[in-house]
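One structure is given below, encoded as structure tokens.
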Amino acid sequence: MKFTRLRLTGFKSFVEPSDFLIEPGLTGIVGPNGCGKSNLVEALRWVMGESSYKNMRASGMDDVIFSGSGNRPARNTAEVTLFVDNSARKAPAAFNNADGLEVTRRIEREAGSVYKINGREVRARDVQLLFADASTGSRSPAMVGQGRIGELIAAKPQARRAVLEEAAGISGLYSRRNEAEQR
Ligand code: ATP
Ligand code: MG
């Protein structure tokens with residue numbers, strides 16, 4: 001699954017609409033302390049369906065919305081869109097009608113998140129499964145956060161197994177089974 005562009009509006013320190021092209025190959029983010037490098041990585045995780053605000057260094061999910069600075073007032077919404085290359089047409093059937101996928105998550109203060117894929121409203125679960133099946137989800141071992149390696153070494157076997165299952169691309173199957181069993 002190739003990401004081609006990340007667009008942020010009102011997300012953390014990215015108050016004005018900001019577009020980041022993700023070219024083929026290795027991408028590095030460099031800049032002085034506090035310029036928003038970690039915020040960018042968090043935006044990527046957030047749009048893929050991250051449900052834990054703690055993983056976003058926040059004390060509530062609304063904290064991802066721009067909270068104002070100096071002469072700029074706070075915003076009431078934050079939006080992140082991830083553009084995914086689908087030229088190989090490997091997306092799930094429901095979204096496989098275009099060469100690209102546009103996955104959007106939008107949050108409004110005190111109203112929670114809304115997700116869209118190619119303009120169509122979907123459940124958080126649909127977005128989480130889309131990325132989990134491609135082994136790139138917000139919890140995927142492809143996203144190595146600060147302190148994560150040490151945490152993994154100290155983790156209980158059960159937690160370590162969950163990481164291996166994500167890497168193997170089978171965790172999506174487990175959540176589908178749980179969902180099916182609840183019906
Ligand atoms: P470092 O090199 O120290 O790791 P960084 O480039 O990773 O820095 P970030 O942690 O991504 O920087 O950005 C921190 C900045 O984002 C801080 O200035 C903080 O005030 C700002 N910030 C975080 N959340 C919000 C928010 N909701 N609204 C406005 N600004 C925010
Ligand atoms: Mg950082």
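Observations on the model:
- Length gained when the stretch I149-E181 is fully extended (0.36 nm per residue, less Cα-Cα span): 8.1 nm
- Ordering of 148-160, 32-44 by packing is 32-44, 148-160, highest average first (other Cβ atoms within 10 Å, averaged per residue).
- Helices in the chain, meaning DSSP H runs of at least 4 residues, each add -39500 (n - 2.57). Divided by all residues, the mean residue ellipticity at 222 nm is -8000 deg cm²/dmol.
- Label separation (A168 vs D63): 3.5 nm, computed from points 7 Å beyond Cα along the C-beta direction.
- Positive end of the dipole of the chain (Cβ unit charges, origin at the Cα centre): among S171, F66, L101, the Cα lying farthest that way belongs to S171.
- The chain, relative contact order in percent, only Cα pairs under 8 angstrom and at least six apart counted: 19 percent
- Within straight-line cross-link reach of K2, lysines at Cα separation under 29 Å, skipping those fewer than 8 residues along the same chain: K12, K37, K54, K90, K116
- Hull volume in cubic angstrom per residue (convex hull over the Cα atoms of the chain): 148 Å³
- Hz values of 3J(HN,Hα) by residue in the stretch 53-61 - Karplus curve (6.51, -1.76, 1.60), Gly and Pro given as x: 5, 5, 5, 9, 6, 10, 9, x, 5
Every number in this text was worked out from the coordinates using simple rules, so none of it is lab data. Bear in mind the structure is a predicted one, so any value in this text is a computation, not a measurement. A quick note on method: Cβ atoms are made from the backbone with ideal geometry, for glycine too, and the neighbour counts reach across all protein chains shown.
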